[in-house]
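What follows draws every value from the coordinates through simple rules; no lab data is involved. The structure displayed is predicted, hence computed values, not measured ones. Reconstructed Cβ throughout: ideal geometry from the backbone, glycine too, with neighbour counts over all protein chains shown.
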Amino acid sequence: MNEVVPPVLAGLYAWAEKIEYSAVGTAIAESRYLFVLIEGLHLAALAVAFGLLLLVDLRLLGAALGTVPVKRVLSQLRPWIIGAFALVFVSGGLLFWSAAARMVANPAFAIKLVLIVLAGINALYFEVAVSRGLVGEGAVAATPRAARLAGIASITLWSLIIVSGRLIPYLPSWVPGGIP
Amino acid sequence: MRLAAVLDTLQNSAVAHAISKSDHLVGATLQVVHIFGIVLLLSSLVLVSLRLLGWLLPEAPLSVVAREGRRFFRIGVTLAVVSGTLIFIATAKLYGTKWIFGLKMVLFAAAVAIHVLLLSRVLRQEQPSPAAARTAAALSLVLWFGVGFAGRMIGFA
């Protein structure tokens, strides 16, 4: 093997192996039921988070719940969406813990992480810069362009996150010859 | 054994061969469609259940929330059932005899029955009785999420 691995990547792989072979990582990976249970939880929480967020995004686009004021939809759904995403992230963190070395070598996982960061930036931008400008009343009035764009970005990014997440087991490692 | 014969016929059908002989990304695409269907289906039940329990948008008419739930449900169940059927046909002999797959199908049948006989009837009323609303919401959530969990376990059991 005369392939030179950049020190940053070598460090990342070493760190991922340490995580995966830690007590918690091996406990999850080796338990017959724990891993499946956490995966099920990840999927169930994702359904709540993504589905309710999709409803909010469609409301921003004027394509759902048209008679309920936007601000009301946001304030009512926000705690459920944030709570469900918290569960998605905790369960996802535990799944990563048990398979860290394989994950850092997986292109679908890397793409998924980048997309999650972008979705997070989009959500923050919406909350900080857009949602405060929305009018509470006048239910049927169209939402501002910025809100509609944030809605489209959210639907697109989260859909791609689900696609890349489901593709993790199907895409080959991008480290030829395995992890150093 | 008749089940084995049925599973054998399915897995040797033209559809099954078309799926299993194509690129493995065809199978992956079916899995992606399946997960989107499940996500839409489960979220529609969360949405209408929260409204039935009075925890979400209590002032919005039930019919308004139920309409959005119905759209999500119809798209979700269609995607999940079509992709799920194709996945099953291609892998009938591998999955068809697993107890967890049988459990998933039993839960699925029960969930559909509750949906048709109870939940959609409750959602058609503007003021369902609190007892009926709670029962329909709880049964639907338990059964449909049970289908999801059982499905997630098939690859591991």
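A few comments on the model shown:
- Exposure proxy shown here: for A:GLU127, B:GLU68, A:GLU17, the number of other Cβ atoms within 10 Å sets the order, fewest to most, as A:GLU127, A:GLU17, B:GLU68.
- Straight-line reach from A:LYS112: taking Cα to Cα under 27 Å and skipping same-chain neighbours fewer than 8 places apart, the lysines in range are A:LYS18.
- Per-residue shielding of B:66-75, expressed as the average number of other chain Cβ atoms within 10 Å of the residue Cβ, stands at 2.
- Lys, Arg +1 and Asp, Glu -1 on Cβ, resulting dipole of chain A about Cα centre, debye, nearest 20: 580 debye
- Span-rule helices in chain B, defined as complete DSSP H runs reaching 18 Å or more along the axis (Cα) with Kyte mean at least 1.0: B:24-52, B:62-90, B:99-114, B:130-153
- Residues A:ARG32, A:ARG166, ranked from the fewest to the most other C-beta atoms within 10 Å, line up as A:ARG32, A:ARG166.
- Relative to the longest principal axis of the Cα atoms of chain A, helix A:70-104 runs at roughly 10 degrees.
- Summing Lys and Arg as +1 and Asp and Glu as -1 over all other residues whose Cβ lies under 13 Å from the Cβ of A:ARG102 gives a net charge of -2.
- Candidate cross-link partners of A:LYS71 among the lysines, defined by an alpha-carbon separation under 16 Å and a same-chain spacing of 8 or more, are absent.
- Taking Lys and Arg as +1 and Asp and Glu as -1, the other residues whose beta-carbon sits under 13 Å from that of B:PRO128 total +3.
- Rounded tilt (10° steps) of A:107-125 against the dominant C-alpha axis of chain A: 30 degrees
- Inter-centroid distance (Cα atoms) of the stretch A:32-94 relative to the stretch B:66-115, Å: 22 Å
- Dipole of the stretch A:7-167, positive direction: furthest Cα of A:TYR21, A:ALA64, A:VAL163, with charges on the beta-carbon: A:ALA64
- Just so you know, the Cα atoms of the protein assembly as shown work out to an Rg and Dmax of 21.9, 73 Å.
- Dividing the summed -39500 (n - 2.57) terms of all DSSP H runs of n ≥ 4 by the residue count of chain B sets its mean residue ellipticity at 222 nm at -26500 deg cm²/dmol.
- Of B:PHE156, B:PHE73, A:PHE96, A:PHE89, the sequence from fewest to most neighbouring Cβ atoms within 10 angstrom is B:PHE156, A:PHE89, A:PHE96, B:PHE73.
- Magnitude of the charge dipole for the stretch A:1-108, about its Cα centre and with charges confined to Cβ atoms of Lys, Arg (+1) and Asp, Glu (-1), is about 580 debye.
- Mean sequence separation of contacting Cα pairs (under 8 Å, at least six apart), scaled by the length of chain A, corresponds to a relative contact order of 32 percent.
- Inter-chain shielding of A:45-53 (mean C-beta neighbours from other protein chains, 10 Å cut-off): 6
- Debye, to nearest 20: dipole size of the protein assembly as shown, +1 on Lys, Arg Cβ, -1 on Asp, Glu Cβ: 820 debye
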